[in-house]
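Peer 1: If you scroll down you'll find the structure; I have some questions about it.
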Amino acid sequence: MRSLTEDFKDLYLQRTFNFKLISVTTRRNSRRALIKSASISGSDSETTISCSASDISLYDLIWRFNHSQTILTKTRTETKHTVSEEWRQHVKSVSESGSLTLQHLSSNQEGLYTCELTNEEETITTNTFVRISPVDSHSVGGIIGSVFAAIVVTAPAVGLVMYCKKKRKRWHSLVKYQNQKNQNQTNQPPTSLSGDAELC
């Protein structure tokens with residue numbers, strides 16, 4: 001018989017982590033079912049949907065779409081997962097924890113994904129609603145256009161600064177040479193940078 005503390009703990013976990021824990025006990029055996037729910041926004045290029053296992057080798061794994069299409073299966077005795085024909089182009093990988101990474105998605109793949117892990121003692125089900133957010137080609141184009149505009153605007157300014165530095169360096173060399181020449185010939189005061197020569 002369960003204690004009152006265990007009941008409160010289950011109630012707290014259910015409200016905090018959005019899952020339901022169902023335990024069924026008979027004279028012969030006991031089974032437990034854990035049902036979790038989540039919702040994510042995924043990218044049309046690549047999306048990873050979590051599953052709730054630290055090690056899927058202890059469970060049989062089934063991924064389903066909208067409760068009707070089987071995406072992939074893996075039993076404890078198999079080393080590889082088996083992907084259904086209609087999902088081969090979309091399944092990129094399955095992690096050791098059972099998380100499913102999908103690729104090349106469209107609004108047709110928007111819906112409910114179910115990860116079901118089963119062994120002799122328990123069944124863990126994670127339902128995740130996935131909303132697909134396509135990459136907006138206008139925003140990508142806007143970013144590329146902005147970068148190009150920034151380059152077009154800054155390139156002449158950088159060129160002008162480099163030209164002025166080069167011109168100033170030549171002028172300094174010329175003044176230095178002139179000062180040395182003047183000091184050697186006569187005791188004239190050194191020439192200084194003045195007027196337009198100093199400005200660029």
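The values are calculated or read from the model by the stated rules, or taken from the named source; none is laboratory data. Fair warning: this is a prediction, and the values are worked out from it, not measured in the lab. Virtual Cβ from ideal backbone geometry, glycine too; neighbours counted across all protein chains shown.
Peer 1: Residues in region 5-27 that are modelled with pLDDT of 60 or more and over 18 Å from Thr123 (Cα atoms): how many?
Peer 2: 1
Peer 1: How many residues are in contact with a strand residue (DSSP E or B) (Cβ under 6 Å, 6 or more places away or on another chain) and loosely packed, with under 13 Cβ neighbours inside 10 Å if we restrict to region 86-102?
Peer 2: Total satisfying the criteria: 1.
Peer 1: Write out, first by first residue and then by second, each pair whose Cβ atoms fall under 7 Å of each other, whose residues are 6+ apart or on separate chains, and whose first residue, in region 70-94, is under 17 Å from Thr118 (Cα atoms) and in the same structural domain as Leu112 (by TED's automatic domain parsing) while the second is assigned to a loop (DSSP other than H, G, I, E, B) and not hydrophobic (A, V, I, L, M, F, W, C).
Peer 2: Thr70/Ser84; Ile71/Ser84; Leu72/His81; Leu72/Ser84; Thr73/His81; Lys74/His81; Arg76/Tyr59; Val94/His81
Peer 1: Follow-up. Which residue is surrounded by the fewest Cβ atoms within 10 Å (Cβ to Cβ), if the candidates are limited to region 159-200 and must be β-branched (Val, Ile, Thr) and modelled with pLDDT of 70 or more?
Peer 2: So the residue we want is Val161.
Peer 1: When you go through (1) at pLDDT below 90; (2) under 15 Å from Cys51 (Cβ atoms) one by one for Ser93, which number turns out not to apply?
Peer 2: Status for Ser93: all satisfied but (1).
Peer 1: Sticking with this structure for a sec: When only residues in region 49-85 that are of a type in the set (Gly, Ala, Ser) and closer than 17 Å to Lys36 by Cα count, which is surrounded by the most Cβ atoms within 10 Å (Cβ to Cβ)?
Peer 2: Looking at the filtered set, the residue picked out is Ala53.
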